1. First select every other residue whose beta carbon is under 15 angstrom from the beta carbon of Ala85; then total the charges, Lys and Arg +1, Asp and Glu -1.
2. Given only helices, namely DSSP H runs of n ≥ 4 each adding -39500 (n - 2.57), what is the per-residue ellipticity at 222 nm of the chain, to the nearest 500 deg cm²/dmol?
3. When the label point is put 7 Å from the Cα of Lys147 along its Cα-to-beta-carbon vector, which residues of segment 61-96 have a backbone N closer than 15 Å?
4. Translational diffusion coefficient of segment 69-123 at 20 °C, 1.002 mPa s, Stokes-Einstein with Kirkwood Rh over Cα pairs, in µm²/s as a whole number.
5. Just list whichever of Lys94/Lys148; Lys5/Lys147; Lys114/Lys148; Lys57/Lys148 have alpha carbons separated by over 20 Å in the model shown.
6. Just round it to a whole percent: the fraction of Cα-Cα distances in segment 1-119 exceeding 18 Å.
7. Find the relative contact order for segment 1-108 and round it to a whole percent, using C-alpha pairs within less than 8 Å whose residues are 6+ positions apart.
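Every number in this text was worked out from the coordinates using simple rules, so none of it is lab data. All values reported here derive from a predicted model rather than from experimental measurement. For neighbour counting, all protein chains shown are included, and Cβ atoms are generated from backbone atoms with ideal geometry for every residue, glycine included.
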Amino acid sequence: MSELKPVYILNGPNLNRLGKREPEIYGSTTLAEIEAMCREAAGERPVEFRQTNSEEKLIDWVHEAIDEGAGIIINPAAFTFTSLALLDALKMFKEPIIEFHISNIHRREPIYHKSYVSMTATAVMAGLGAEGYPVAVQAMEMLIKAKKR
Ligand code: CA2
């Protein structure tokens, strides 16, 4: 049995539609394919890979990670720019947090420029496409080993 705590990879609203619409912005990779890439990159490290369209559920999962998780990789999607409740939940997490975006949010319209989540994230990754998810998993392992928060 693995003694390693899991990394939580949490995905927010509409990301279940990845690969089905707007491939020019978000690519053609589906969320199921992203999950497979993350599991491969994680190796022995257990992964809790989840997606929800509900802010409440996302916050409940952050609470779960506070008790169980070695790190959180979160693509909060639109909640990035709206949710003080998500920010408050993430602030309680004592382990590394990577805020992840498929697209480079700073190259997009001004409404996508002000992230609440960045105010508590250990690191921010944006613009690497779906292939950036496994890179984030590797970076998370590095942050866990370095005990960075
Ligand atoms: O680039 C990202 O990963 C985003 O977090 C995606 C969010 C957007 O609000 C952020 O600014 C950047 C939007 C996710 C919408 O997901 C879709 C998936 C498939 C087709 C259309 C939208």
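1. Details: positive: Lys57, Lys91; negative: Glu55, Glu56, Asp60, Asp88.
Surrounding charge for Ala85 is -2.
2. Numbers: 5 runs with 52 residues, N = 149.
Calculated mean residue ellipticity at 222 nm is -10500 deg cm²/dmol.
3. Output list for this probe position: 94-96.
4. Numbers: Rh = 11.4 Å.
So the translational diffusion coefficient is about 187 µm²/s.
5. On the way: Lys94/Lys148 9 Å; Lys5/Lys147 14 Å; Lys114/Lys148 24 Å; Lys57/Lys148 26 Å.
In this structure, Lys114/Lys148; Lys57/Lys148 exceed 20 Å between Cα atoms.
6. Values: 3609 of 7021 pairs.
I get 51 percent for the Cα pairs in segment 1-119 exceeding 18 Å.
7. Computed value for segment 1-108: 36 percent relative contact order.
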